[in-house]
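Input: a single structure, listed below in structure tokens.
Every number in this text was worked out from the coordinates using simple rules, so none of it is lab data. The structure displayed is predicted, hence computed values, not measured ones. Cβ placement follows ideal geometry from the backbone for every residue including glycine, while neighbour counts extend to all protein chains displayed.
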Amino acid sequence: WQLVARQASIVAPENALKWQTVHPEPELYNFAPADAIAGFAKAHEQRMRGHTFCWHRSLPDWVHQTVTPKNAEAVLTAHISTVASHYRGLISAWDVVNEAIQLEDGQPDGLRNSFWYQMLGPRYLDIAFKAAHKADPDALLCYNDYGLEKDTHYGESKRTAARAQAARHSDTRFGHSVTSACRRHIWSGPFPLYSCSA
């Protein structure tokens, strides 16, 4: 923790805000792990980045067992509203959607064939950003991905897909969020963190 306290200006929980940890049961939210990181950040005058509302991994079993295309929007919106509201004023930026581009999945739009994509189609991006903005209008809302910075054919293809998504959603919150994110993983103390340099 001392290294993070000295060297990082922004911290982000690796797992504490992912569904499996923060929302392990339909009616249960576990904020304790992320609250501890928020307290650490505040004590060391660091900003905290929230990671993440929508990802293709770390969903608890109850989500797969109970969420359907009919109730998916309500479940996703309620989750984002509850978590973002809990940290309103403590988290300066949110990775609202994480790693949604997966060219190998063969979707015409370049999107990953993830759980939320299967439930809601590409509109899940807009649903998530709208819910996050409503719950915490002052937070910076981001799309987070890896490989966008690479000077390779794959990197360029992924950037093109991300830009195309932003253009398709240019009139929405998602359309204004696509950025290239560099991240460094640091495991320090009981909670793995991202240490962000920007």
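Per-structure values
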{"read-out": "Inter-site label distance for Arg88 and Leu140 at 7 Å from Cα along Cβ, in nm", "value": "2.1 nm"}
{"read-out": "All-pairs Cα distance distribution in the range 2-196, expressed in whole percent, bin size 10 Å", "value": "9, 36, 37, 16, 1"}
{"read-out": "All aspartates and glutamates inside 17 Å of Lys18 as judged from Cα atoms, apart from same-chain residues fewer than 8 positions distant", "value": "Glu27, Asp35, Asp61, Asp95, Glu99, Asp145"}
{"read-out": "Under-5 Å amide H pairs with Ala12, H placed in peptide plane, nonlocal only", "value": "Arg49, Tyr194, Cys196"}
{"read-out": "Two-site FRET efficiency, Ala32 against His56, from Cβ-Cβ distance with R₀ of 22 Å, rounded to 0.05", "value": "0.30"}
{"read-out": "Rg over Rh [alpha-carbon atoms, Kirkwood Rh] for the range 24-104", "value": "1.00"}
{"read-out": "Within the range 20-50: backbone nitrogen closer than 19 Å to the Trp1 label point (7 Å, Cα to C-beta)", "value": "31-49"}
{"read-out": "3J(HN,Hα) from dihedral phi, the range 145-152, Karplus parametrisation 6.51/-1.76/1.60, rounded to Hz, x for glycine, proline", "value": "7, 10, x, 5, 8, 6, 8, 9"}
{"read-out": "Simple spin-label estimate for His153 and Ala43 in nanometres, 7 Å along Cα-Cβ", "value": "5.1 nm"}
